[in-house]
């Protein structure tokens with residue numbers, strides 16, 4: 001609607017549907033400088049009751065608007081029927097064809113190629129200049145009533161009643177924008193708009209002309225056709241259509257007409273168009289406020305759900321630091337979003353053995369967090385046997401048939417034995433593990449293991465064993481640490497990398513909390529408290 005070319009998109013789970021200038025997107029909006037290469041996406045969340053579609057702006061340059069409000073980049077907003085999505089110069093309207101309300105209160109528009117083009121004139125509105133004092137008083141009373149509206153349907157009813165009282169028109173309708181089938185929903189009406197014996201069909205040109213942003217008047221009965229009643233029965237004398245504009249987007253229409261056979265005398269004041277236009281402006285402002293508040297409430301509910309999920313997710317993590325006999329650790333995991341896909345775990349197996357795990361689930365947000373929680377719970381139980389190779393093999397058999405498409409888990413698991421002075425570990429596609437030695441040299445702990453968990457069902461994971469050097473420390477991080485970029489750098493140094501981890505360990509040697517020092521350096525490298533991805537790090541030392 002109101003776009004350079006018509007685009008219709010049927011949303012079918014699981015999605016997602018990406019939007020942007022790239023030809024690989026589900027919705028390619030090419031040739032427009034206001035559209036970013038990767039502009040927005042529509043995502044389906046099956047974990048919500050009945051499934052829910054969400055709009056997310058993917059940090060576009062010129063932004064995405066939902067119901068007239070700009071949505072912050074990276075945040076998900078639930079969609080509802082009737083929502084207007086603006087990606088300039090395109091405007092999309094969300095339609096639910098199964099909605100009972102939309103099915104039972106819709107009217108069709110007429111193809112003028114069949115029924116003749118209507119004679120229309122755009123009204124040059126001079127609202128305050130010509131309105132008499134009593135009309136201004138009526139407008140103020142209407143404004144007060146409009147301000148008290150608490151939802152869009154109540155607002156539409158208030159607008160219809162105010163238009164009936166103040167314009168002299170006897171038939172009023174508040175309409176939705178045109179949809180792809182050129183129907184409109186009647187949100188509220190007064191008079192004979194939806195009578196028992198007839199359904200009024202409105203000239204499409206009338207709405208299209210009004211959608212240009214100005215009220216339009218029509219005074220020819222031939223501009224209308226009626227199903228179930230004759231034109232003579234209705235005797236339409238005058239019609240007026242006022243667009244309800246949210247910025248440059250048509251959010252609906254205020255439609256008014258008069259007919260010959262109605263009981264009240266037809267008397268339209270000379271300033272009726274100005275009054276209707278003023279009413280339309282007030283209605284549009286109130287509509288914008290209601291939509292903004294509704295959007296804020298939707299987002300707040302989503303955030304509350306996510307915060308509750310994040311709180312529950314934190315329950316699965318061990319204490320940030322701990323001591324088990326001769327072995328000590330400090331670990332921390334920071335999600336890139338509210339929910340993360342990383343985890344670390346520390347499990348005391350007996351008086352001298354401790355299992356340590358660091359994992360990174362591919363992807364971000366809710367899907368990654370769900371797989372993370374399942375992985376952590378299963379692995380924790382499997383590691384109680386004390387065999388990391390067997391534990392990861394069993395985990396892979398559990399994860400593979402249950403993982404969403406294109407999801408996997410990179411994982412490092414080690415069992416530290418302070419009696420044997422060894423660590424036996426599995427590196428399942430992870431790699432970011434080192435042993436820091438007292439002489440400021442480092443040894444990689446990345447030779448044992450195989451594919452990331454979930455990639456191949458029949459993978460058998462084998463463990464490697466290496467000696468725990470006196471005075472050494474084992475450090476394992478996720479790729480959210482190593483892959484963090486410095487926005488000011490343009491070459492390979494833009495990545496924090498394992499070189500940044502080693503540098504931090506050397507610089508912080510002797511400090512009581514080297515993980516805190518590592519994250520301080522990482523944030524300094526990123527130039528922001530907000531990291532690009534989930535970042536997890538743990539340091540283990542022994543005496």
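Quick check on packing: order 10-19, 150-159 by the mean number of other C-beta atoms within 10 Å, highest mean leading.
Values: 10-19: 14.6, 150-159: 18.7.
Packing order, densest peptide first, comes out as 150-159, 10-19.
Answer rounded, prolate or oblate for the stretch 319-542, using the Cα gyration tensor with square roots of eigenvalues a ≥ b ≥ c: rounded when a/c is under 1.5, else prolate when a/b is larger than b/c, else oblate.
Values: a/c = 1.69, a/b = 1.06, b/c = 1.59.
Taking the square roots of the gyration eigenvalues as a ≥ b ≥ c, the stretch 319-542 is oblate.
List 495, 324 from most exposed to least, where exposure is judged by having the fewest other Cβ atoms within 10 Å. Each step should come with its number before you reach the end.
Numbers: 495 17, 324 20.
The fewest-first ordering by Cβ neighbours comes to 495, 324.
Using a 10 Å cut-off around each Cβ, can you sort 271, 446, 96, 342 from fewest to most neighbouring Cβ atoms? Mind dumping the intermediate values first?
Numbers: 271 21, 446 18, 96 14, 342 27.
Neighbour counts put them in this order, fewest first: 96, 446, 271, 342.
If neighbour count is taken as other Cβ atoms inside 10 Å, put 465, 167 in order from fewest to most.
On the way: 465 13, 167 23.
Fewest-to-most ranking of 465, 167: 465, 167.
For the stretch 410-444 and the stretch 322-390, what is the separation of their C-alpha centers, rounded to whole Å?
Cα centroid to Cα centroid, the span is 15 Å.
Coordinate-derived values only; no laboratory data. This structure is a prediction, so every number in the text was calculated from the model and none was measured. Every residue, glycine among them, receives a Cβ derived from its backbone with ideal geometry; neighbour counts consider all protein chains shown.
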